[in-house]
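Presented below is the structure to which this report refers.
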Amino acid sequence: MTDLTINGIEISVEDGTTILDAASKIGVTIPTLCHLQGHEPLGACRICVVEVEGARSLMPSCATPVTRGMVVKTNTRKVREARKLIVDLLLSEHEGNCQFCDRSNDCELEKIASSIGISKPLYAGEKPEARFDYTTKALIRDTGKCIKCRRCITACNEIQAVGALFPQNRGFETVIGPAFTSDLADVQCVQCGQCAAVCPVGAIIERSNIDDVWEAIDNPGKHVVVQTAPAIRAALGECFDYEPGTLVTGKMITALRSLGFDAVFDTNFAADLTIIEEGNELLTRLKKKLVNGEDIALPMFTSCSPGWINYAEYFHPDYLNNISSCKSPQQMFGAVAKTYYAQKQGIDPADIVVVSVMPCTAKKYEAARDEMADSGFTDVDYVLTTRELGKMIKSTGIDFRSLPDGVMDNPLGVSSGAADIFANTGGVMEAAIRTVYELVTGRELPFENLHLTPVAGLKGFKEASLTIEGTVPAWSFLEGVEVKVAVAHGLSNAAEVFRRLEEDPGRYHFVEVMSCPGGCIGGGGQPRFTDDSVRLKRINAIYAEDEGKPIRKSHMNPMITQIYEEFLIEPLGEKSHHLLHTHYAKK
Amino acid sequence: MVDAQIPTREPTDEEITKQTEIIVGELIGRKGALIPILQTLQELFGYLPETALKRTGELMKISYSEVAGVVSFYKYFSIVPRGKYLIRVCLGTSCYVRGGKEVLESLKNNLGIDIDETTEDRLFSLKVGRCFGACGLAPVIMINDDIYRRVKPSKVGEILQSYRVQEDTDD
Ligand code: SF4
Ligand code: SF4
Ligand code: SF4
Ligand code: FES
């Protein structure tokens, strides 16, 4: 432990703690712009400077570890003036107009500027030429607003191991972006939006579909249905100043209804459907391999995360046959809404507009993939991020916090707890195992609260195994088989899966990959700012939602039974193949 | 700076890939291998073709954007092919004050390209240079190894024409 004094308060912190973290322990918040929790400090912005007794110059607190007897002051005149100068310089190069900026309510630069007491830039500096990038469905870049903090580079390179962003050119001409200042579509960007999630300013944002959605709602000829991903209910509250991890499912439903959607449904329903299709696909693959000795691709990878699909298509095309052919729940929902639901309601699918609310920017891209229209109609028309929904609700003046709780509509609003946990890393795996185990043994998964604890939590890469015993006759070939699984979140951890598979191709049967750290609860479209403590709170909220449901297993969802009886006939059947499954291609 | 050899024809993508693999293979073990690799590639091709840069990234397990970041950091590297004739305009102090800038403008207009670009017919590339040591006779331009002194903006067309004619008779 190291003893030191900060602003006259004596504290003792673990060796190696930075001044920044030590200060936060006593409730002193030091402003930061480039720092990202859990990553090597860059020391790029220097907004976090503090005075250290005996040091010749101000020290960046994010990059300076404490030493014994250190005396730190975080709020001296010298510190204030230094910070003011930094913000002044940043603003002098900043080509942005807060009034028209997407970030005007949660911009870190604007916040720091106003807390320091800067109302307008002191220097009218020369501004670098702004470059706009509208080349992807998911994101918009505006380099004029970029303050070159490099957080997005850390996200894209270290968390995602994609490497789409890097500093280009040098000096005043530096641009943070794709190769040779080109556009995101020119490089192998997976559109995950983790860069947009960490950007302190409005330089990378999601491509908004708010106007499209209003237009659909305002069109009396359209029947506009909305689906919300499981991760939204545990995060939307943050847009309305709730503590992270507050479940707002009921208020969210009421808010959606008052926005004017004709029906409020749940992506969860489609998540249950996914489990039935994907679980059966896994069992079929295992049977083909173990019983028939066919050369079938194993392990099977999950397919619900479009950023991950992109990643595999760009970087690991050899494994495309290993990815489950199941569409993601978002797309399954759309396909079912424009066929089964349309028929049931007697509405022409051409008049149905499917809107999704997703924690994800890559979902915007996924919805626009050409092949996602097997029914003859685009599965999903518009995708809003959690942040965009928050904005829409605010724009109507609805007082979210005082809304009564609502419930989802039938039939596409009914779901099990297994569907909720799709939002968490390890959740799709757990949901699948709950159903597959019961299918194969006739017994419930013998774990406390049905949780597959070894694959839960924030560790980036997780493995587990489960020996199957007491099989029912149909699945007796699995008797005694040790089913091995792995779970990775954050694409740099997917790279780890491939590394291990190269050493031992038979290492796993089933692998879950989620693009974003923590799974969808940490998606690129979630309210800012998402750090590990926020991720954990959302994860716990999702588990609470699951445990609070009367039905915890996808195959027990009565509406799933009904859709197979009335429409799909059987898992992996002809209709399923046509509507709910897809294919991937090398890019 | 090593002046690249002007290739008689453009290498195909396969040739570029193959050469890149050889060069990266030879140099990859060294510390800070990327810059020597890029230098060698530029010497070979006269510039850094996209195919070569992408393959280099793949082989070194770094992204194309990162390779590009390094390439664009140094003025030495060029990602546009070099023309048969490299025109360098001196913008040292003497040349600058004695009309170097006007000569540059005239060259740009005549060639229809900007600094660091190459004409579509791959005949001329335009660069600005530091002092060539001929200040007494400013402004000075160099076209490959030929030095032109006391160049007037109005004479630029004539000078360029002599290369174009030569090219026609060569063919
Ligand atoms: S990025 Fe921030 S400071 Fe810049 S215009 Fe937007 S809100 Fe204003
Ligand atoms: S969306 Fe993801 S892959 Fe694309 S630049 Fe941002 S972090 Fe990188
Ligand atoms: S785009 Fe945003 S995160 Fe990236 S360097 Fe610029 S300001 Fe920082
Ligand atoms: S936050 Fe410390 S230098 Fe940027």
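General observations
- P(r) histogram, all alpha-carbon pairs of the stretch A:390-448 included - 10 Å bins from 0, percent: 18, 29, 29, 15, 9, 1
- Each 5 Å bin from zero holds the following percent of Cα-Cα pairs in the stretch B:85-170: 3, 16, 29, 27, 16, 6, 2, 0.
- Bins of 10 Å from zero: percent of alpha-carbon pairs in chain B: 10, 34, 29, 19, 8, 0
- Applying a 4.7 Å Cβ-Cβ cutoff to chain B, the cysteines left without a disulfide-compatible partner are B:Cys131, B:Cys135.
- Ranked by the mean number of other Cβ atoms within 10 Å of their residues, highest first, the peptides A:162-168, B:110-116 come out as A:162-168, B:110-116.
- Going by accessible surface with a 1.4 Å probe and the largest first, A:Lys327, A:Lys484 read A:Lys484, A:Lys327.
- Dimensions (Å) - the stretch A:88-206, Cα atoms, principal axes, largest first: 40, 28, 24
- Between 0 and 90°, nearest 10: helix A:386-395 axis offset from chain A longest Cα axis: 70 degrees
- Electrostatic bookkeeping for A:Ala234 treats Lys and Arg as +1 and Asp and Glu as -1; over the other residues with beta carbon under 12 Å from its beta carbon, the sum is -1.
- Distant-in-sequence amide contacts of A:Val353, defined by a placed amide H-H separation under 5 Å and a gap of 5 or more residues or a different chain, comprise A:His223, A:Val224, A:Val225.
- Cα gyration tensor shape for the stretch A:506-587, rounded if a/c is under 1.5, else prolate or oblate: oblate
- Solvent-accessible area per residue, Å², over the stretch A:2-75 with all protein chains present [probe radius 1.4 Å]: 52 Å²
- Per residue of peptide A:313-325, the mean number of Cβ atoms on other chains within 10 Å of the residue Cβ is 0.
- Exceeding the 27 Å Cα-Cα cut-off - candidates A:Lys287/A:Lys363; A:Lys127/B:Lys75; A:Lys25/A:Lys549: A:Lys287/A:Lys363; A:Lys25/A:Lys549
- Where B meets A: accessible area buried, both sides, 1.4 Å probe, Å²: 1100 Å²
- For the stretch A:73-86, 3J(HN,Hα) per residue [Karplus equation, 6.51 cos²θ - 1.76 cosθ + 1.60, θ = phi - 60°, Hz, x = Gly/Pro]: 10, 9, 9, 8, 4, 4, 5, 4, 5, 5, 5, 4, 4, 4
- For chain A, relative contact order (Cα pairs under 8 Å, six or more residues apart, normalised by length) works out to 15 percent.
- A simple packing score, the average count of other Cβ atoms within 10 Å per residue, orders the peptides A:247-256, A:370-379, A:575-584, A:532-541 as A:247-256, A:532-541, A:575-584, A:370-379, with the highest score first.
- Radius 13 Å from Cβ of A:Pro404, net charge of other residues (Lys, Arg +1; Asp, Glu -1): +1
- For the peptide B:69-82, the mean number of other protein chain Cβ atoms found within 10 angstrom of a residue's Cβ is 3.
- From its DSSP helices (H runs of at least four residues, each -39,500 (n - 2.57)), chain B gives a residue-normalised ellipticity at 222 nm of -13500 deg cm²/dmol.
- Length, then width, then depth: along the principal axes, the Cα atoms of the stretch A:381-513 run 59, 36, 31 Å.
- Shape analysis of the stretch A:433-587 yields a ratio of the Cα radius of gyration to the Kirkwood radius, Rg/Rh, of 0.98.
- For chain B: accessible area per residue (Å², 1.4 Å): 56 Å²
- When peptides A:430-439, A:467-476 are ranked by their average number of other Cβ atoms within 10 Å per residue, the highest-first order is A:430-439, A:467-476.
- With the whole protein complex present, B:Met60 retains an accessible surface near 40 Å², based on a 1.4 Å probe.
- For residues of A:78-88, the mean tally of beta carbons on other chains within 10 Å: 0
- Taking every DSSP helix (H) stretch of at least 4 residues in chain A, weighting each as -39,500 (n - 2.57) and dividing the sum by the residue count yields a mean residue ellipticity at 222 nm of -9000 deg cm²/dmol.
- Global size of the stretch A:2-75 as Cα Rg and Dmax, reported in angstrom: 11.1, 29
- Within-11-Å neighbourhood charge of A:Phe166 [Cβ basis; K, R +1; D, E -1]: 0
- Of the GluC sites (Glu not before Pro) in the stretch A:16-85, those whose Cβ has at most 11 other Cβ within 10 Å and which sit in DSSP loop: A:Glu53
- For the stretch A:141-190, accessible area lost to neighbouring protein chains reaches 50 Å² or more, against the chain alone with a 1.4 Å probe, at A:Phe166, A:Asn169, A:Arg170, A:Phe180.
- Sequence-separation-based contact order of the stretch A:1-123, relative, with Cα cut under 8 Å and 6+ spacing, percent: 25 percent
- A convex hull fitted around the alpha carbon atoms of the stretch A:17-138 yields 150 Å³ per residue.
- Counting every pair of alpha carbons in the stretch B:13-73, the share spaced more than 17 Å apart comes to 25 percent.
- Tail fraction, Cα-Cα pairs, chain A, threshold 34 Å, whole percent: 43 percent
- Averaging the sequence gap over all C-alpha pairs within less than 8 Å and six or more residues apart, then dividing by the number of residues, gives the stretch A:442-587 a relative contact order of 15 percent.
- In this entry, the stretch A:328-404 is assigned a mean projected area of 6.3 nm², taken as a quarter of its C-alpha convex hull surface.
The values are calculated or read from the model by the stated rules, or taken from the named source; none is laboratory data. All values derive from a computational prediction rather than experimental measurement. As a convention, Cβ positions derive from the backbone with ideal geometry for all residues, glycine included, and neighbour counts pool all protein chains shown. These area figures cover heavy atoms from the full protein model, side chains too; ligands, DNA and RNA do not enter into them. Shrake-Rupley method; radii C 1.70, N 1.55, O 1.52, S 1.80 Å.
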